[in-house]
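For reference, the structure is listed below as structure tokens.
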């Protein structure tokens with residue numbers, strides 16, 4: 001990919017908030033997870049854990065838990081067939097930053113593969129409950145993790161909204 005193509009890819013990625021009820025190809029999902037694993041990690045610690053959930057019973061539980069944190073009964077993951085969770089050690093002072101890099105890499109990879117994604121919050125609150133800790137144990141994760149965030153992932157059911165104009169003074173160069 002040429003540099004300009006990559007910059008165009010970054011500039012054209014949008015959050016997807018409506019998904020088709022269609023499974024994501026396992027090869028594409030694996031490529032997206034590998035993009036997450038390629039993200040930088042402070043001191044090379046690779047402290048994060050990435051969990052892709054496709055099992056309908058478990059995605060339903062995640063939807064309910066996230067909606068409960070929001071105080072709503074709507075689906076915070078917008079019907080996406082895949083929910084990708086990112087966790088980091090509670091004691092890692094760079095866990096949120098490392099996890100954020102992972103999430104962004106995966107969203108860009110999804111876009112490059114023709115899939116939609118949307119960053120979802122509230123995983124810290126979801127997994128800071130007894131139900132959340134039990135769920136993490138059921139996923140084979142070690143104790144002491146915090147939810148950093150998630151992405152809803154799947155095939156877009158509609159075109160995302162166009163990018164809003166960037167605000168004046170959003171970036172600057174100081175020479």
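Remarks
- Leading residue by the ranking (surrounded by the most Cβ atoms within 10 Å (Cβ to Cβ)) among those in the range 91-110 that are touching a strand residue (DSSP E or B) at 6+ places or on another chain (Cβ under 7 Å) and within 19 Å of residue 78 (Cα to Cα): 106
- Members of the range 113-134 that are surrounded by 18 or more Cβ atoms within 10 Å (Cβ to Cβ) and closer than 30 Å to residue 6 by Cα: 115, 116, 117, 118, 120, 123
- Of the helices (runs of 4 or more DSSP H) entirely within the range 1-70, those holding at least 3 residues that are surrounded by 13 or more Cβ atoms within 10 Å (Cβ to Cβ) occupy 26-37, 56-70.
- Considering the range 81-175, the qualifying helices (runs of 4 or more DSSP H), each wholly inside and each with 2 or more residues that are closer than 25 Å to residue 9 by Cβ, run over 95-112.
- Within the range 12-24, residues that are within 18 Å of residue 53 (Cβ to Cβ) have Cβ atoms under 7 Å from residues that are modelled with pLDDT under 95 and in a loop (DSSP other than H, G, I, E, B) in these pairs: 16/160, counting only partners at least 6 apart in sequence or on another chain.
The values are calculated or read from the model by the stated rules, or taken from the named source; none is laboratory data. Fair warning: this is a prediction, and the values are worked out from it, not measured in the lab. Quick reminder, even Gly has a Cβ in these numbers, built from the backbone with ideal geometry, and neighbours come from all protein chains shown.
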